[in-house]
Amino acid sequence: MFFRIHILFAFVISASLIQAQSLPPKFSVIAFYSAVNDQAHISFVHEANRWFSKVAAENNFLYDSTNEWENLNEEFLSDYRVVIFLDSRPEDSIQRAAFRKYLESGGAWMGFHFAGFALTPSDFNQDWDWYHQQFLGSGSYVGNTWQPTSANLRVENRAHPVTKKLPRVFRSSPNEWYKWENDLRDNPDIEILISIDSTSFPLGTGPKLHEIWHSGYYPVVWTNINYRMLYFNMGHNRIDYENGNNKELSFTFDNSIQNQLILEGLFWLGEDDK
C-alpha cells in the first residue's frame, strides 16, 4: 500500500511540474548591460544574470539579457513587459528615444546602481535631462561611500506592494552607496520606498574622510508615480582591489530579504496594472 501511494504521489508531483512547465510565461523581461567598466559592476552583472535566470525558472516568467544596446528599439522592446538596466544606460539618441517611448507607452523598467550614474565631466555625462532629472529625479551623482559596506535600510512606505512584506528595518548586502544632486523628498512625482537608516552611521570605512558618511538622508529605492519603474541603488559587489587580485569579496544576491524586495518589485512591474 505504501509503495502504491508513493508512486501515486510521485505521479501527481510530476504531472504538476509538467503542467507548470507548459504554462505560458506570466511576463517577459529583458536586461541590458555593458559589463566593461569596473570589476565590481561586472561581478554584479554576472551574478544578476545567474540569479534572475534562476528565479525566472522558479516563478514562470521569461528572462533574457543582452549587451547589444542597439536592441533598444521599438520593435525589439515590444516583446517585453519589463526592461532592466543592470549597470549602465543607453548613450545613443535613437536608443534613448525608443526607451522613453516604451516607458511613456506603458512599459516597465527596473534599474540598478550604476544605471543612475551621471557626472559631468566623465565618461557618463549628465546629458539626458529626461532620464536623470524627470524620470529618475535624482539629477547628477554627487558622491559615494567607500569601501562597499552593508547598511541598515528602513522601509519608508510599508503599504506599497513592493515593500509591504518586508521588515521595517533590514540589513543590506555590502554596497557602494550613492548620493545625488537633488533631494527626492522635494519631488511630488517621486515615492521613496527605502532609505538608509540612521543606525547605519558612520557608513563607509574610507580611507578618504569624505567617503565615510556620518549623517544625512539617502534614498535607496524609489519609484516615479508617472511611470512603471523602480530604481535600486544596489549593484556594486566588493572586490579585493587593495591586493590587486580582483577577488570577489561579497555578492549582492546573498541576502534573502533584499532578494525578496527585488523579486516583489519585479512582480509589481510585470504583473500589476497599477
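The values are calculated or read from the model by the stated rules, or taken from the named source; none is laboratory data. The shown structure was predicted, so the numbers you read here are calculated from the model rather than taken from an experiment. Reconstructed Cβ throughout: ideal geometry from the backbone, glycine too, with neighbour counts over all protein chains shown. Keep in mind that these areas ignore ligands, DNA and RNA; they rest on the heavy atoms of the full protein, side chains included. Shrake-Rupley method; radii C 1.70, N 1.55, O 1.52, S 1.80 Å.
Here are the numbers:
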read-out: Count of region 220-251 residues which are more than 18 Å from Lys164 (Cα to Cα) and under 10 Å from the mean Cα position of the chain (by Cα); value: 3
read-out: Subset of region 150-177 (residues that are without any contact (Cβ under 8 Å) to a residue 60 or more places away in the chain, farther than 19 Å from Gly111 by Cα and part of a strand (DSSP E or B)); value: Asn152, Arg154, Val169
read-out: Subset of region 156-191 (residues that are of a type in the set (Val, Ile, Thr) and surrounded by 20 or more Cβ atoms within 10 Å (Cβ to Cβ)); value: Val162, Thr163, Ile190
read-out: Unmet requirement for Tyr217, which otherwise passes all of (1) of a type outside the set (Val, Ile, Thr); (2) surrounded by fewer than 13 Cβ atoms within 10 Å (Cβ to Cβ); (3) in contact (Cβ under 8 Å) with a residue 12 or more places away in the chain; (4) farther than 20 Å from Thr163 by Cα; value: (4)
read-out: Conditions (1) in contact with a Phe, Trp or Tyr (Cβ under 7 Å, 6 or more places away or on another chain); (2) charged (D, E, K, R); (3) open to solvent by 50 Å² or more (accessible area, probe 1.4 Å); (4) within 25 Å of Ser43 (Cβ to Cβ): number failed by Glu271; value: (4)
read-out: Helices (runs of 4 or more DSSP H) within region 1-119 that include 2 or more residues at pLDDT below 95 and of a type outside the set (Asp, Glu); value: 2-22
read-out: Scope region 151-197; condition touching a Pro at 6+ places or on another chain (Cβ under 9 Å), of a type in the set (Val, Ile, Thr) and closer than 14 Å to Tyr231 by Cβ; matching residues; value: Ile190, Ile192, Ile194
read-out: Candidate set from region 25-43 (those that are small (Gly, Ala, Ser) and closer than 15 Å to Ser53 by Cβ); member that is nearest to the chain's Cα centre (by Cα); value: Ala31
read-out: Any pair with Cβ under 6 angstrom, 6 or more apart, that starts in region 33-46 at a residue that is buried (at least 23 other Cβ atoms within 10 Å of the Cβ) and ends at one that is hydrophobic (A, V, I, L, M, F, W, C) and in a helix (DSSP H, G or I); value: Tyr33/Val45; His41/Phe114
read-out: Matching residues, region 220-250, being over 30 Å from Arg100 (Cβ atoms) and either open to solvent by 60 Å² or more (accessible area, probe 1.4 Å) or among the small types (Gly, Ala, Ser) (or both); value: Arg238, Tyr241, Glu242, Asn243, Gly244, Asn245, Asn246, Lys247, Glu248, Leu249, Ser250
read-out: Top-ranked residue in region 194-214 [being open to solvent by 20 Å² or more (accessible area, probe 1.4 Å) and β-branched (Val, Ile, Thr); ranked as nearest to Gln133 (Cα to Cα)]; value: Ile212
